[in-house]
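Enquirer: Just dropping this structure here.
Since every read-out is calculated from the coordinates, none of them should be taken as a lab result. Being a predicted model, the structure only gives us computed values, none of them experimental. Note: ideal-geometry Cβ built from the backbone for every residue, glycine included; neighbour counts use all protein chains shown.
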Amino acid sequence: MRVQLSPSVSGIGIAASAALLLAAGGIGGPAYAVTYGTPSIALSASYLSGAVGATGDPTVTVTVAQSGADASALTVAASASTRTSVAGTGDVAVTGTGGTRTLAVTAHAQGYTDLTVKVTGLGGKAATKTLHYAASPAVQDSADARYLTGASDASAAVDVGGGYVVVANDEDNTIRLYNGAVSGAPVKTWDFDSKLNATKEVDIESATRVGNTVYWLGSLGNNKDGEYKSDRNTVFTTTVSGSGASTTLTYGSAYHKLRDDLVAWDKANGNHYGFAAGTASGQIPKEINGFNVEGLEFAPGSTTTAYIGFRAPLAPAVPGGKALIVPVTNFDKVLTGTKAVFGTPIELDLGGLSIRDLRKNAQDQYLIVAGSWAADDNSDPEALYRWDGVAGHAPVKVLDLPTTDAGAWEAAVTVPDLTVPGGRVQLITDDGDADLYGDGTQAKDLTHPEWQKSRSTWFTVS
């Protein structure tokens, strides 16, 4: 007997069609029931961080399958939460069809929860995976905030086109490439430990780009215990190839005596800024009379003279002192091993604040991220100043930066044309000392890199 399927039957799944054929009258031989295997489920990440009130939080890719069934027949949803006040099952949204789905979580409160993600297949069979979720609290300007995960101590950033940015972390020697428009993990990473022969972090605190060369500068100061660590006495270069998501960084060269050159220069000029005392054994770098570099940018119209911006000391080293910039007039030659040559120092009135970053645009318009010299809880005032890069010309405050949220403003990515209304600058925080999830653990000490993060926010400056 020949069985002809009707159009309505041919439109159903293959497995169901086979079952109908076997059940049809007149077919010889035994009928076999369709069997389904246990569904499989995999998460692209087992740990995920979000933020209360955030826009565009990171997501997780869920991959599912079941033998004997089409993946589109499977359902995926959160089935349990260990702390519903942080995020419940109804706060988990799964989109997409087929074998790959996208899972997003909406956070309601700071803290942790384990979310059970369940795939339900045919034949009443199911499987689960656990997603370990952490939520940081709401912040000001949350609509403009994005979170760069994988590290929490962002300290310097350089634009590489298409909204992408390479970011240094002062707790390691890895440069990370991010899509600055979204929250999430780095697109690429480059670990320069072996190239730098470094056993500890360089403590990268500043960077700038000329052409396809990026200069990365360590803090040059002692560590937090007042001990000299040679790896911090480093400036090195990388060469940029490509742009945007296709960016590649290649190691160039390094110089390990810039701190020594600065101390010798200051000694030769009567110890005017106290660099020798600021680098002495036992001296904490983040003191008003310490020694700590956090700004690097080239002088107006120059690719050879670089401005070195100091977080400490102030000039003079008293409350209300001025922020200090020391020009290196042969900075392009320093990376070939040539001793640094210094120009006339520049002292800027930033209202008693010091330099946390220094960035200019093609029109030689500068923005200065100004903050405290102290290693405090980041609640001290921070501000943005505009400047024309000319010694003797006063900087002008653009805006006071919010300081009630976790993290300190550390890096400016690009400077818009400050003569055009509505120009915005992207700033990034160092959240390493922040208790992001309310459990008393500093972000830099979190054991899962997916939970470590720094915050990026856009501010209107013109």
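Enquirer: With +1 on the Cβ of every Lys and Arg and -1 on the Cβ of every Asp and Glu, and nothing else charged, how large is the dipole of region 40-136 about its Cα centre, in debye rounded to the nearest 20?
Expert: Details: 5 positive and 4 negative charges, 36 e Å.
Approximately 180 debye in magnitude.
Enquirer: Neighbour counts of other C-beta atoms within 10 Å: give me LEU348, LEU324 arranged from fewest to most.
Expert: Numbers: LEU348 21, LEU324 24.
In order of increasing Cβ crowding within 10 Å: LEU348, LEU324.
Enquirer: Something else: Using only DSSP helix segments of four residues or longer, with each worth -39500 (n - 2.57), what per-residue ellipticity at 222 nm results for the chain after dividing by its residue count and rounding to 500?
Expert: Numbers: 6 runs with 37 residues, N = 462.
Per the formula, -2000 deg cm²/dmol.
Enquirer: Right, next: Could you give the dipole magnitude of the chain about its Cα centre, charging the beta-carbon of Lys and Arg +1 and that of Asp and Glu -1, in debye to the nearest 20? Before the final figure, lay out each step's value.
Expert: Values: 32 positive and 46 negative charges, 307 e Å.
So the dipole magnitude of the chain works out to roughly 1480 debye.
Enquirer: I've got another one for you. Per q in 0.10, 0.13 Å⁻¹, report the Debye log10 I(q)/I(0) for region 148-252, using one uniform scatterer on each alpha carbon and no solvent.
Expert: -0.26, -0.43
Enquirer: Tell me which of TYR385, LEU446, PRO58 sits at the most positive position along the dipole axis of the chain, charges placed on C-beta atoms (Lys, Arg +1; Asp, Glu -1).
Expert: PRO58
Enquirer: Over region 274-376, one equal point on each Cα, no solvent: what is log10 I(q)/I(0) by the Debye formula at q = 0.10 Å⁻¹?
Expert: -0.27
Enquirer: Now a separate question. To the nearest Å, what is the center-to-center distance of region 383-433 and region 194-238, using C-alpha atoms only?
Expert: Distance between centres, Cα-based: 23 Å.
Enquirer: Shifting gears a bit: How would you order 276-289, 298-311 from highest to lowest mean count of nearby Cβ atoms within 10 Å?
Expert: Working: 276-289: 17.7, 298-311: 20.8.
Result, highest mean Cβ count within 10 Å first: 298-311, 276-289.
Enquirer: Just from the alpha-carbon atoms, what are the Rg and Dmax of region 350-462 in angstroms?
Expert: 15.2, 48
Enquirer: Which of TYR147, TYR47 comes first, and how do the rest follow, when ranked by fewest Cβ neighbours within 10 Å? Each step should come with its number before you reach the end.
Expert: On the way: TYR147 24, TYR47 18.
Least crowded to most crowded, the residues run TYR47, TYR147.
Enquirer: Taking +1 at the Cβ of each Lys and Arg and -1 at the Cβ of each Asp and Glu, which of HIS272, GLY423, GLY282 sits farthest along the dipole of the chain towards its positive end, judged by Cα position relative to the Cα centre?
Expert: In the chain, that residue is GLY423.
Enquirer: On to the next question. When you count, for each residue, the other Cβ atoms within 10 Å and take the mean per peptide, how do 180-187, 169-176 rank with the highest first? Present the calculation step by step, with values, prior to reporting the outcome.
Expert: Numbers: 180-187: 18.4, 169-176: 21.8.
Going from most to least packed, we get 169-176, 180-187.
Enquirer: Under 23 Å Cα-Cα from LYS200, which lysines qualify once same-chain neighbours fewer than 8 residues away are excluded?
Expert: Candidates past the 8-residue exclusion: LYS188, LYS224, LYS229, LYS257, LYS286, LYS444, LYS453.
Enquirer: With axes computed from alpha carbons, what is the tilt in degrees of helix 258-268 against the longest principal axis of the chain, rounded to the nearest 10 within 0 to 90?
Expert: So the helix axis and the longest Cα principal axis differ by about 20 degrees.
Enquirer: Please work out whether region 40-136 counts as rounded, prolate or oblate from its C-alpha gyration tensor, where a ≥ b ≥ c are the square roots of the eigenvalues and a/c under 1.5 means rounded, while otherwise a/b larger than b/c means prolate and anything else oblate?
Expert: Values: a/c = 2.52, a/b = 1.95, b/c = 1.29.
Cα axes put region 40-136 in the prolate bin.
Enquirer: Summing +1 for each Lys or Arg and -1 for each Asp or Glu, what net charge is found among the other residues whose Cβ lies under 15 Å from the Cβ of GLU287? Could the numbers behind the result be given before it?
Expert: Values: positive: LYS224, LYS286, ARG311; negative: ASP225, GLU227, GLU294, ASP376, ASP380.
Charge balance near GLU287 sits at -2.
Enquirer: Kirkwood Rh over alpha-carbon pairs of the chain, then Stokes-Einstein at 4 °C and 1.567 mPa s: what D in µm² s⁻¹, rounded to an integer? Present the calculation step by step, with values, prior to reporting the outcome.
Expert: Numbers: Rh = 24.6 Å.
In µm²/s, the coefficient is 53.
Enquirer: For helix 14-23, report the angle its Cα long axis makes with the longest principal axis of the Cα atoms of the chain; keep it between 0 and 90° and round to the nearest 10°.
Expert: It is inclined by approximately 10 degrees.
Enquirer: Let me ask something else about it. To make sure I understand, if each residue's beta carbon is the centre and we count other beta carbons within 10 Å, what order do TRP458, TRP373, TRP409 fall in, fewest to most?
Expert: Numbers: TRP458 17, TRP373 27, TRP409 24.
With the sparsest Cβ surroundings first, the list reads TRP458, TRP409, TRP373.
Enquirer: Quick check: net charge around SER241, other residues with Cβ under 14 Å of its Cβ, Lys/Arg +1 and Asp/Glu -1? Spell out each step's value before the answer.
Expert: Values: positive: LYS188, ARG209; negative: none.
Overall, the nearby charge balance is +2.
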